[in-house]
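The values are calculated or read from the model by the stated rules, or taken from the named source; none is laboratory data. No experiment lies behind these values; they were computed from the predicted model shown. Cβ placement follows ideal geometry from the backbone for every residue including glycine, while neighbour counts extend to all protein chains displayed. Just the protein is used for accessible areas: all its heavy atoms, side chains included, with ligands, DNA and RNA removed. Shrake-Rupley method; radii C 1.70, N 1.55, O 1.52, S 1.80 Å.
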Amino acid sequence: LYIATLSNRSGGSFVSYALTEEGSDRLKYVGGYDDDGFFQSDLPVSLIMPSHNGCVPCLAYFDDRIDGYHFINQPFSLLNFSSKQDTVFLDFSDSLELKYVLLGTDGKMIIEKSVVFSADKYINNHFFKINDDNFDYSNNLELLWYGGLRPTEEKEDEDVQYGSGIISQAGEIEDIQTKKSDESVSREVYKGRTEWVGVRTKYFMSALIVEGVGEYAVLSAENVSFGERKQTPIYSAGIGYPLDVTSISSNIYLGPLDVDHVAKTGTDLDAAMNWGFSLIRPISKGVLWVLKFMHNKLNLNYGLVLLLFAVLVRLITGPLTKKSYESSQNMQKIQPEIKKIQAKYKGNPQRLNKETMALYKTHKVNPLGGCLPIMLQMPLLWALFMVFRTTIEFRGAPFMLWISDLSKPDVVLTLPFSIPIYGDGVAILPLVMGATLLLTMRMSSATMDKSQKPVMYFMNAFFILLFNTFPAGLNLYYTAYNMLSFFQQRSIKNKLANQ
């Protein structure tokens, strides 16, 4: 799954960590930044920032007098490997334990530490045994991940928009974000029983998961210089323990925000993923499960999966759409009679309301019939929007022709300038989607008041502008969905015309 390089500083602090898992016949996670901060499209994703603090992770304590940390990041001694044996390969279900020790000047043990790696999981265990009799510190010990994660996305704003520091206390999630290049967040302490803390980018995460609950959590953030990027937010997170702590057992999840891998932690770490608000989270998870199932069982690329999924959603929402469209058409048919009633009883609101309701009853028309079916579909549509924008399965997934990455806009021409909302590239799928949307709108607006049609065309143009920066996977789905909607509405319209 990965190639990790460790230092004996802090008893096993990560120096580098590159993801090497294969998907189909290629590396699953490709495209990232080199040590100098330049994006390389053919590099395996690397998650560790170049750093000299040796604290990913480490034990530390905060000194209020200097308003800063003392890292326990000096070199430990590695006990179970010789200095000549510097590379270990793990296959399948293999695991590896590294044993470190930190000795005091008197030769007595201060800290014993073991690090355990497994070949089939992005989880490594860090166990500390602490001899507090030989440990001179004045504040609570913290298990700390200090130095964030390396950016992974070519578009700088994607790392900025989705990056954050996160904590989980009693099932409640708190997070911090920096949105501006000159913005930082000084160390914030969150009192309470803490299950895990983490830092994330758009698609990847490092999380410290403790087996014994911590007393508090800490988060901080800063922006650092990295290559030619204007903004590189770096988040740090830690878990605090009492002064008399003698052992700390933790698991570190360091890998992709993929539900299959995250589930192996046995925690609610998937709460760090963007599922949307509470009402639609179960729907979002269900949508992702269906997409992964279709991809794995049918052995289709994700572009074809999205087209097939659009057909599936149309089958599910088709009856609601049909009911909505038929209700809308029936309302249009009785509009002349409604206008007559309005003119006749314009001075008598109560009689007007009574006669209007009687007209609805006579023609078996429900004035909410056109809106209610659409409202019932909104949670599903919002869940689809959330999943398609953030799921790691689409990252680097090609479809066909010019669509080489479903997680990015299918840009075919880069402009020398940026247009507000539209961006700096011309993508094809938003234009095709806009055309399908226009066809559907024109059909449904055949009986619309002429004064309302300019608004319809404006909305159509706005959607083209807005969706130009959206991922190709999202636009591919909506294009297919709109085409199916058009054909369904045309069929319904023809049937109603022949009645």
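Observations on the model:
- Inter-probe distance in nm under a simple model that places probes 7 Å from Cα toward Cβ, at N80 and A119: 1.7 nm
- Helix 335-344 and the longest principal axis of the Cα set of the chain meet at an angle near 70°.
- M459/T246 FRET efficiency (R0 45 Å; Cβ-Cβ; nearest 0.05): 0.10
- The label-point distance for K297 and H70, in a model that sets each label 7 Å from Cα toward Cβ, rounds to 5.9 nm.
- If you wrap the chain in the convex hull of its Cα atoms and look at it from every side, the mean projected area works out to 30.8 nm².
- Accessible solvent surface per residue of the chain, calculated while the other protein chains remain in place, 1.4 angstrom probe, Å²: 51 Å²
- When V218, V213 are compared by accessible surface with a 1.4 Å probe, the order from highest to lowest is V213, V218.
- Summed side-chain charge close to K180 - residues other than K180 whose Cβ falls under 15 Å, Lys, Arg +1, Asp, Glu -1: -3
- With respect to the chain, whose longest principal axis is taken over its alpha-carbon atoms, helix 429-444 is tilted by about 30°.
- Under-15-angstrom lysine pairs by C-alpha in the stretch 112-225, whenever the two are 8 or more apart or on separate chains: 4
- A263-K344 FRET efficiency (beta carbon distance; Förster radius 45 Å; 0.05 resolution): 0.10
- Taking all protein chains together and rolling a 1.4 Å probe, K333 ends up with roughly 120 Å² accessible.
- Of all accessible heavy-atom area on the stretch 15-139, the percent that carbon and sulfur account for (1.4 Å): 48 percent
- Computed E for N139/V185 - FRET, C-beta separation, R0 25 angstrom, nearest 0.05: 0.80
- Split the accessible area of the stretch 274-324 by element, probe 1.4 Å, and carbon with sulfur accounts for 69%.
- The stretch between V30 and V426, if pulled fully straight at 0.36 nm per residue, gains 140.2 nm over its current Cα-Cα span.
- Charge tally for A271 (other residues, Cβ to Cβ under 10 Å; Lys, Arg +1; Asp, Glu -1): -2.
- What the Kirkwood sum gives for the stretch 201-308 is a hydrodynamic radius of 17.2 Å, with every pair of different alpha carbons counted.
- Label point distance in nm, W402-K108, each placed 7 Å from Cα along Cα→Cβ: 7.2 nm
- A 1.4 Å probe over all protein chains sorts E188, E393 by accessible area into E188, E393, starting with the largest.
- Accessible area of I428 in the full protein assembly, 1.4 Å probe (Å², nearest 10): 50 Å²
- Computed over protein heavy atoms with a 1.4 angstrom probe, the accessible surface ordering of R187, R351, largest first, is R351, R187.
- For the stretch 33-72, the gyration tensor built on C-alpha atoms gives a prolate shape. Its axis ratio a/c (a ≥ b ≥ c) is at least 1.5, and a/b is the larger of a/b and b/c.
- With K and R counted +1 and D and E -1, the other residues having a Cβ less than 14 Å from that of G286 yield a net charge of +2.
- Gain in span if fully extended, W289 to S93, counting 0.36 nm per residue against the direct Cα distance: 68.0 nm
- Our estimate of slack between I316 and Q40, defined as 0.36 nm per intervening residue step minus the Cα-Cα distance, is 95.2 nm.
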